[in-house]
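The values are calculated or read from the model by the stated rules, or taken from the named source; none is laboratory data. Keep in mind that what you see is a predicted model, and the values were worked out from it rather than measured. Neighbour counts are summed over all protein chains in view; Cβ atoms, including those assigned to glycine, are modelled from backbone coordinates with ideal geometry. To get the accessible areas, we keep the full protein, side chains included, count just its heavy atoms, and leave off ligands, DNA and RNA. Shrake-Rupley method; radii C 1.70, N 1.55, O 1.52, S 1.80 Å.
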Amino acid sequence: MRYLPKSPSDREQMLREIGVKSIDDLFAPIPPNARLTTDLKIPRQMAESEILDYFRQRGDENGKGYASFLGAGAYNHYRPVVIDSLISRGEFFTAYTPYQAEIAQGTLQAIFEFQTMICELTGMEVANASMYDGSTAATEAVMMAERITGKTGCVVARSVHPEYREVLATYGKYQGMPIANVGFGENGRVNLDELDKTLTNQACVLIQSPNFFGTIEDVAAIADLAHKKGALVAVAIAEAVSLGIVRPPVEADIVAMEAQSFGVPLGFGGPYAGVIATKEKFVRQIPGRLVGETVDKNGKRGFVLTLSTREQHIRREKATSNICTNQALIALMATIFMTIYGREGMRELAKQNLAKAAYAADAFKKAGAKVLFDGAPRFNEFVVQSKADPYAINEALIQQKIIGGFVLKKFYPELGNTAVWCVTEMNSREQIDAVAKEVSR
Amino acid sequence: MSINDKIKKATTHVIQNEGLIFEKSSPGKKGYKLAPLDVPEVDASKLLGNVERKQDAALPEVSEIEIIRHFTRISTWNYGVDTGLYPLGSCTMKYNARVNEVAARREGLANAHPYQPEKLSQGALKILKLLSDCLIEITGMDAITLQPAAGAHGELTGILMVRAHLEAQGNPRKKILIPDSAHGTNPATAAIAGYAVENLKSNDKGMVDLAALEAQVTEDVAALMLTNPSTIGVYETELHKVAEILHRKGALLYMDGANMNALVGKTQPGKNGVDVMHLNLHKTFSTPHGGGGPGSGPVAVKKVLEPYLPTPVVVEKAGGLLGFEYNRPQSIGRVRMYYGNFGMHVRALAYIMANGPDGLRQTTEDAVLNANYIRKKLEGVYELPYKTPSLHEVVFNDRIQQKKGIKTGDIAKRLIDYGFHPYTVSFPLIVHGALMIEPTESESKEELDLFIDAMKAVAQEAEENPEIILNAPHTTRISRLDEVRAARQPILRWKPKAQSAAE
């Protein structure tokens with residue numbers, strides 16, 4: 001086996017020095033009747049060339065070479081090559097959680113930079129070292145609001161990513177967390193009157209902005225309403241690139257963001273990186289890891305994992321969350337991405353997305369399609385209603401090697417023949433024009 | 001002979017200083033170039049109105065070469081498996097095969113959108129199916145979900161399935177039993193799943209005390225969460241009996257599979273009484289730990305728990321195509337959006353293929369051989385609190401060195417000077433002052449011998465020159481960091497000098 005660095009004679013010598021006759025003696029604690037005596041039924045040992053061939057074939061079967069207008073929580077942005085070049089350094093990708101700070105300063109400093117950049121983008125005061133993904137971050141945000149307010153339950157907007165809401169429902173069901181829904185109005189934004197009625201004594205209101213339809217919510221108005229009733233506001237952000245041009249949700253108490261847009265491959269849904277950012281006064285209720293600055297005994301600046309008494313390490317069954325890890329390598333991708341684009345580039349990139357989506361919505365309308373929720377601002381996604389079944393429209397587009405928008409029927413049957421379309425800097429004018437005709441059917 | 005002469009693996013070399021990326025920033029520097037916009041420009045304030053961002057985020061402004069140097073320089077301050085032995089017990093730091101990385105970055109896999117049509121997702125679905133089949137075979141279970149994003153996330157998924165199953169029988173029950181040797185995530189998981197936690201004492205062999213278990217399993221107990229092999233590297237020899245005691249009272253056996261690297265190809269937990277278990281793909285199946293993530297924590301179950309698997313599950317559909325099934329009325333629901341950390345699934349499958357049945361068995365054997373070799377060579381130099389046979393890891397304690405005022409954490413820091421990443425210091429809780437060592441199969445005899453020499457040298461220093469240990473590390477870019485200060489006066493983000501001075 002090519003990954004194993006011992007020769008047969010090394011093994012024999014080591015067994016001799018241990019003082020056993022055979023390797024089986026070392027497995028004596030496993031009772032004979034519990035032992036596997038035959039080969040596992042898995043593929044045989046394969047050469048590197050065979051392995052790569054297998055995955056090349058699977059990649060080719062997997063929609064290779066299609067243009068795509070899918071967003072819906074996972075976004076197709078250009079990934080500068082510098083990202084993979086840097087994250088492939090063994091010192092980053094083969095390291096573990098930085099428990100021994102003196103030989104993990106690379107990871108620790110990168111996370112500190114990540115936390116700083118996330119604060120800058122979200123308008124929050126502190127950010128954690130990342131979470132599994134946006135859906136679990138949103139759920140942890142609600143649990144965090146319960147701890148802060150001492151109240152239970154939440155009101156969640158139906159315009160929050162349906163899979164985020166499903167994850168919240170799973171956690172909530174077993175924790176005795178009542179979850180109420182609030183719908184959306186004609187403009188695709190949270191219905192404020194309905195929110196006013198639905199919000200009674202819950203711990204928080206969870207919204208997403210831009211929401212699942214691409215509409216940007218009026219966070220200030222929602223926060224105003226919620227705060228008057230003693231509830232916190234948690235804002236989920238699925239499309240982080242929006243923060244380059246869209247006002248950050250500064251009125252929120254907790255921001256639960258998905259960082260996939262920042263240079264993380266779509267990768268058929270993962271791994272991604274969630275983030276929780278919040279106000280300084282809530283820092284001790286943040287789940288997951290945090291990196292803090294400190295000094296060594298010579299006064300030199302250095303970084304350590306800190307405030308870990310909140311989580312499972314120490315309090316065990318009193319833990320605020322069972323999350324044990326973060327997504328350091330993915331957070332590093334995001335950090336490098338944010339560094340590459342920087343202050344101006346993030347705005348420019350976001351503005352390109354805004355322009356492309358605006359052009360597409362216009363082109364679709366001109367071709368005769370109906371764009372829903374036109375009364376509120378949006379970023380790079382919008383909902384199109386068609387006469388034809390959107391699945392049929394998408395089927396026709398596949399013949400042109402184009403993957404159309406996300407069909408909303410599954411989650412929003414009341415919206416009829418609709419799909420949410422996403423247009424990023426990766427979609428050319430040519431592609432958009434090609435699609436416009438089909439969409440108007 | 002000076003101490004430095006004993007250090008065979010490490011030597012001092014140039015370590016470059018590097019500030020924070022923000023400190024290199026100057027307005028107007030750029031690390032990007034966007035393609036020209038091929039549609040008309042828009043007036044953002046007209047489109048967005050009062051939701052337009054008025055002030056840019058203060059992200060750094062630097063050039064590409066500065067980005068490369070910055071992250072390359074700070075990377076050299078990290079120790080990785082590529083650098084050398086990383087014997088962090090219970091974390092299984094093994095070699096990360098490069099072919100895994102190439103496989104995961106294949107076009108069509110890396111660029112695949114989770115919502116692209118199923119008929120354009122057959123490649124990804126085949127990977128999910130084949131990996132599932134392999135893991136079911138390795139664990140000896142009946143069904144699996146690949147959705148959980150990490151081991152602890154898998155624990156929660158598994159316990160929620162237990163809960164859903166018991167609820168379906170009319171009573172979710174109230175408590176989860178957890179041995180005192182368990183991973184810290186186990187009790188946290190039980191609490192998040194709405195259960196009370198009851199501690200179960202280990203016996204003098206570090207195993208479950210069957211009599212104590214018998215007495216503690218009541219109709220209120222939902223499950224026992226058992227790490228096997230345990231955190232002291234000991235196999236639960238009477239796993240069958242543990243399962244029997246639980247099953248008699250209608251409770252289930254959850255196995256924390258974090259230490260599965262000791263068992264793959266040698267025994268199948270599902271055939272020995274385990275009802276539900278998670279795997280850590282980043283531990284046993286060589287997906288990179290990445291400085292703390294991403295992980296992946298699939299959960300394998302017996303038939304009885306299959307209806308409760310998170311949605312969706314991969315099934316064969318009409319026409320021989322694979323697809324996702326969402327309509328599963330008894331499912332616990334979803335624990336993560338989309339289908340889990342697919343990129344990690346690709347890597348784990350590539351690793352399984354590179355090994356095959358013979359390679360996986362040899363891997364397990366080498367891991368156990370390495371741990372026992374270290375155990376043999378260091379026994380007596382460090383105290384071995386449990387004499388029970390070790391599998392993949394060995395746990396010593398610092399009792400001998402404590403007489404000179406030296407604790408496990410100090411020895412760990414001195415080990416850094418000798419060119420090694422330290423072992424685990426904070427764990428398991430049943431061993432005071434633990435030195436938890438897990439070499440994995442990835443180490444050659446030469447590297448193990450260097451490590452053993454280093455451990456012996458530190459033990460000798462403890463007798464002769466304790467100060468050098470207490471002040472370690474000496475050769476790193478920074479010396480021991482003030483963790484108390486970090487917690488008491490938290491600085492969790494960078495601020496420009498002028499701004500922080502004004503506050």
For the range A:387-441 and the range A:258-310, what is the separation of their Cα centres, given in Å?
37 Å
Roughly speaking, to the nearest percent, how much of the range A:177-235's 1.4 Å accessible area is carbon and sulfur?
47 percent
Any residues in the range A:162-176 that have 20 Å² or more less accessible area with all protein chains than in their chain alone, probe 1.4 Å, and which are they?
A:163, A:166, A:167, A:170, A:171, A:173, A:174, A:175
For a protection proxy built on the mean count of beta-carbon atoms within 10 angstrom, sort B:358-367, B:380-389 highest first, please.
B:358-367, B:380-389
For the range B:134-273, restrict the atom set to alpha-carbon positions and state the Rg and Dmax in Å.
14.0, 38
On average, how much area does the Cα convex hull of the range A:59-185 cover when viewed from any direction, in nm²?
12.5 nm²
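Based on the alpha-carbon set only, what is the convex hull volume of the range A:1-135 divided per residue, in Å³? Please list the in-between numbers first.
Values: hull volume 37.8 nm³, N = 135.
In the range A:1-135, the Cα convex hull volume per residue is 280 Å³.
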Taking placed amide H atoms and a strict 5 Å upper bound, the residues 5 or more places from residue B:256 or on another chain that come that close are B:226, B:227, B:228
Evaluate peptide B:420-428: per residue, the Cβ atoms of other protein chains within 10 Å of its Cβ; return the mean as an integer.
2
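Kindly sort B:461, A:50 by accessible area of their heavy atoms, largest first, with the probe set to 1.4 Å.
Most to least solvent-accessible, the answer reads A:50, B:461.
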Out of residues 5 or more away from residue B:328 or on other chains, whose amide H comes under 5 Å of its own, with H placed 1.01 Å from N in the peptide plane?
none
Taking chain A as a Gaussian network, Cα atoms linked when under 10 Å apart, which of A:111, A:276, A:51 shows the biggest mean-square fluctuation?
A:51
Estimated FRET transfer efficiency (residue B:403, residue A:48; beta-carbon r; R0 45 Å; 0.05):
0.30
Within 10 Å of each Cβ in B:219-232, how many Cβ atoms from other chains are there, averaged over the peptide?
0
For the range B:361-466: Kirkwood Rh in Å [reciprocal of mean 1/r, alpha carbons]:
13.8 Å
Can you pull the percent of Cα pairs in the protein assembly as shown with separation above 59 Å?
6 percent
Would you grab the residues whose amide H sits under 5 Å from the one on residue B:494? Only those 5+ places off in sequence or on another chain, please, with H modelled 1.01 Å from N.
A:116
Taking protein heavy atoms only, a 1.4 Å probe, and rounding to whole percent, the accessible area of the range B:419-468 owed to carbon and sulfur comes out at 50 percent
If you average 1/r across every pair of different Cα atoms in chain A and take the reciprocal, what Kirkwood value do you get, in Å?
24.2 Å
Among the Cα-Cα pairs of the range B:152-222, the proportion with separation greater than 15 Å, in percent, is 54 percent
Using a Förster radius of 35 Å, what is the FRET efficiency between residue B:41 and residue A:391 based on their Cβ-Cβ separation? Nearest 0.05, please.
0.50
Hey, rough spin-label estimate for residue B:460 and residue B:488, points 7 angstrom out along Cα→Cβ, what's it come to in nanometres?
4.0 nm
Could you rank the peptides A:352-362, B:277-287 by their average count of other C-beta atoms within 10 Å per residue, with the highest value first?
B:277-287, A:352-362
Report the residue, chosen from A:239, A:12, A:430, that carries the largest GNM mean-square fluctuation when chain A is represented by alpha-carbon nodes joined by springs under 10 Å.
A:12
Name the residues of the range A:333-364 whose accessible area falls by at least 40 Å² when all protein chains are present instead of the chain alone, probe 1.4 Å?
A:339, A:340, A:341, A:343, A:344, A:347, A:348, A:351, A:352, A:354, A:355, A:356
What nm value, rounded to one decimal, do you get for the distance between residue B:315 and residue A:175 when each label is placed 7 Å out toward the C-beta?
3.1 nm
Quick one: which of B:94/B:271; A:370/A:410; A:64/B:126; B:94/B:376 span more than 18 angstrom between C-alpha atoms?
B:94/B:271; A:370/A:410; B:94/B:376
Report ³J(HN,Hα) in whole Hz for each residue of the range B:77-92, in order, from the Karplus equation J = 6.51 cos²θ - 1.76 cosθ + 1.60 where θ = phi - 60°; Gly and Pro get x.
8, 9, 9, x, 4, 5, 7, x, 3, 10, x, 5, x, 6, 9, 6
Mean other chain Cβ within 10 Å across B:360-367 is 5
Which helices of chain B meet both criteria: a Cα extent of 20 Å or more along the helical axis and a mean Kyte-Doolittle score no lower than -0.5, with helices taken as whole DSSP H segments?
B:122-139, B:151-168, B:342-378, B:445-464
At a probe radius of 1.4 Å, figure out the B/A buried accessible area, summed over both chains, and give it in Å² to the nearest 100.
17300 Å²
Can you give the accessible area per residue of the protein assembly as shown, in Å², using a 1.4 Å probe?
33 Å²
Whole-Å semi-axes of the ellipsoid equivalent to the range A:328-401 (Cα gyration tensor, √5λ, descending)
32, 17, 11
Give me the residues in the range B:291-318 whose solvent-accessible area, probe 1.4 Å, is reduced by at least 40 Å² once all protein chains are included instead of the chain isolated.
B:291, B:292, B:294
Semi-axes of chain B's equivalent ellipsoid from the Cα gyration tensor, sqrt of 5 times each eigenvalue, largest first, rounded to whole Å?
38, 37, 23
Taking 0.36 nm per residue of separation between residue A:400 and residue A:21 and subtracting their Cα-Cα distance, the length gained on full extension comes to 129.8 nm
Anyone know which of A:227, A:77, A:161 comes out most mobile in the 10 Å Cα GNM of chain A?
A:227
Report, to the nearest whole %, how much of the accessible area of the range B:1-114 belongs to carbon and sulfur atoms, 1.4 Å probe, protein only.
51 percent
Normalise the Cα radius of gyration of the range B:218-264 by 2.2 N^0.38 Å (N = residues in it) and let me know the number.
1.19
Between residue A:84 and residue A:35, Cβ-based FRET efficiency (R0 35 Å, step 0.05) works out to 0.25
Label-reachable residues, the range A:127-154, where backbone N falls under 20 Å from a point 7 Å from residue A:281's Cα toward its Cβ:
A:127-128, A:141-152
